[in-house]
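Working notes, structure below.
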Amino acid sequence: MAEKGRITLKDIAELAGVSIGTVYRVLHNNGRFSDETKGKVLRIIEEHGYKSSLHASANSMRRRLKFVIVLPDCSDGDYWSCIKDGIVRAVADYGNIPLDVDYVFYDRQDRDACSRIYEKIPGMNPDAVIIGSIFSENTIELCKCLEHADLPYFFVDTAVEGTKPVAVYSVDQRAAGMLIGRLADIMSSE
């Protein structure tokens, strides 16, 4: 184990007897874990003075990480291309992190094509997976495989019930709807 203040997520997971994905979920207070697990992980973090730093972690890595980004097919300017472009920009902004990214796209009109693409993801040996989901049942099956392999995964756009992602990155759809309603009200009163 690393010296005090230099403990890694892997160290925390080993000491707590949980997966790295569980440590991520506790740190980000997202997903499912017991109060007992949360307490154990937080005690270890406190005792060892763990400090999270993306850049420091990247500089200390001895190997490149591999992320697989799986999204519906998209054309320039459509909804999913905006999400893809945001991910591409984020990867570029953190270019000093030793990271390889594989983008995988599936036909958003074809559930079977999505299933065939999803089946390939675990075999790509990712360190983490980012998922843009359209077909919930297919996504649940993929997430079960990822959880079985102890691989962290994240959602963009929407969460899928019955899964345990590390995090979900999405707009507040209720707030967006309220904003549209207010704009419509303002425009109709002019």
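The values are calculated or read from the model by the stated rules, or taken from the named source; none is laboratory data. All values reported here derive from a predicted model rather than from experimental measurement. With ideal geometry, Cβ positions are generated from the backbone for all residues, glycine too; neighbour counts draw on all protein chains shown. Note: areas computed on protein heavy atoms with side chains; ligands, DNA, RNA excluded. Shrake-Rupley method; radii C 1.70, N 1.55, O 1.52, S 1.80 Å.
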Examine segment 67-82 for a residue that is under 18 Å from residue 128 (Cα atoms), modelled with pLDDT under 90 and under 17 Å from the mean Cα position of the chain (by Cα), and state whether such a residue exists. no
Could you say whether any residue in segment 37-54 is outside any helix (DSSP H, G or I), open to solvent by 50 Å² or more (accessible area, probe 1.4 Å), at pLDDT 80 or above and farther than 30 Å from residue 109 by Cβ? no
Of (1) open to solvent by 40 Å² or more (accessible area, probe 1.4 Å); (2) in a helix (DSSP H, G or I), residue 105 fails just (2)
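Mind telling me which of the residues 137, 141 ends up being under 27 Å from residue 18 (Cβ atoms), assigned to a helix (DSSP H, G or I) and open to solvent by 30 Å² or more (accessible area, probe 1.4 Å)? Steps first, please.
Working: 137 fails: under 27 Å from residue 18 (Cβ atoms).
Result: 141 is the single residue among 137, 141 that is under 27 Å from residue 18 (Cβ atoms), assigned to a helix (DSSP H, G or I) and open to solvent by 30 Å² or more (accessible area, probe 1.4 Å).
Select from segment 144-166 the residues that are assigned to a helix (DSSP H, G or I) and either touching a residue at least 24 places away in the same chain (Cβ under 8 Å) or closer than 18 Å to residue 29 by Cα (or both) and write down the one among them that is farthest from the chain's Cα centre (by Cα).
Looking only at segment 144-166, we keep the residues that are assigned to a helix (DSSP H, G or I), and these are 144-148.
Right, trim to either touching a residue at least 24 places away in the same chain (Cβ under 8 Å) or closer than 18 Å to residue 29 by Cα (or both) and you get 145-147.
Working: 145: 15, 146: 12, 147: 13 Å.
Checking each candidate, the answer is 145.
Quick test for you: out of 113, 149, 175, pick the one residue that is of a type in the set (Gly, Ala, Ser) and either surrounded by 16 or more Cβ atoms within 10 Å (Cβ to Cβ) or at pLDDT 90 or above (or both). Working first, answer last.
Values: 149 fails: either surrounded by 16 or more Cβ atoms within 10 Å (Cβ to Cβ) or at pLDDT 90 or above (or both); 175 fails: either surrounded by 16 or more Cβ atoms within 10 Å (Cβ to Cβ) or at pLDDT 90 or above (or both).
On inspection, the qualifying residue turns out to be 113.
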